[in-house]
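Notes follow once the structure below has been shown.
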Ligand code: PGA
């Protein structure tokens, strides 16, 4: 049995300006109790990362970038690299469904970003998941398979220990239509068996796998209690510090009953 630390990530997407972000972090820091079994990660807009990195207490929260470019430096107007984010963030979202489907990121981009994050000592959170159309065509497991292979090609076993996987069905992200726990459970098992095939049993048990997609304070515990689910990626419900803290509290409560993974 592997008792993975729970990770709760708040993805603010393109919301909150500098002042609002700073105020939010201040409010949240007053509410959240640090807990050795729970890592709370904030993913604000890139603009605010630098100033929040000076404000944040890293024992209480970690920071994540929502995106970055995979090259380290050069003539790439408008981009920010993982090298520039190094030391500012501890995590980086890679291949979020909004990046894949609105901005057309390919598996090749995502593969390069996973590698760039690791090269720059940032833990990549590789987001994978099927669209509604793929789901209705019975392709969920094919997509999980392809996106894992696509994102992790060239990643060694040692490097894999830095990677976090977030299972986020595209149809559940930002729609209010969260996946039922049994569905998530089956998808997470498929992810772990794919990791087992690629990297072996130990890696498949120790890799941290999160769920994301319209999770609220009311539904958070349903996922946190699932065997093999190590945390949550929260969008909309993380925009309010009070509701985000309610979700974090659920992870604290459930931290004592970490589930078995085999
Ligand atoms: P949501 O977003 O919770 O609003 O569905 C999830 C995410 O940011 O990935």
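What to note about this one:
- When each of 184, 202, 180 is tested for being modelled with pLDDT of 95 or more and closer than 24 Å to residue 66 by Cα, the lone residue that passes is 184.
- Set side by side, the residues 58, 111, 63 differ, and just one is under 25 Å from residue 34 (Cβ atoms) and either in contact with a helix residue (DSSP H, G or I) (Cβ under 9 Å, 6 or more places away or on another chain) or in a helix (DSSP H, G or I) (or both), which is 63.
- Scanning the range 199-220 for residues that are more than 11 Å from the ligand (Cβ to nearest atom), crowded, with 16+ Cβ neighbours inside 10 Å and either touching a residue at least 40 places away in the same chain (Cβ under 8 Å) or part of a helix (DSSP H, G or I) (or both) yields 199, 203, 204, 205, 206, 207, 208, 209.
- Meets criteria (at pLDDT 95 or above and touching a strand residue (DSSP E or B) at 6+ places or on another chain (Cβ under 6 Å)) for residue 66: yes
- Set 155, 191, 165: member being within 15 Å of the ligand (Cβ to nearest atom) and under 24 Å from residue 41 (Cα atoms): 165
- Within the range 66-97, the set of residues being within 16 Å of the ligand (Cβ to nearest atom), crowded, with 23+ Cβ neighbours inside 10 Å and outside any strand (DSSP E or B) comprises 95, 96, 97.
- Matching residues, the range 226-252, being in contact with a helix residue (DSSP H, G or I) (Cβ under 7 Å, 6 or more places away or on another chain), free of Cβ contacts under 8 Å to residues at least 40 places away in the same chain and over 20 Å from residue 96 (Cα atoms): 243, 250
- Number of positions in the range 159-170 that are buried (at least 21 other Cβ atoms within 10 Å of the Cβ) and in contact with a helix residue (DSSP H, G or I) (Cβ under 8 Å, 6 or more places away or on another chain): 6
The values are calculated or read from the model by the stated rules, or taken from the named source; none is laboratory data. All values reported here derive from a predicted model rather than from experimental measurement. We place every Cβ from the backbone using ideal geometry, glycine too, and count neighbours over all the protein chains shown.
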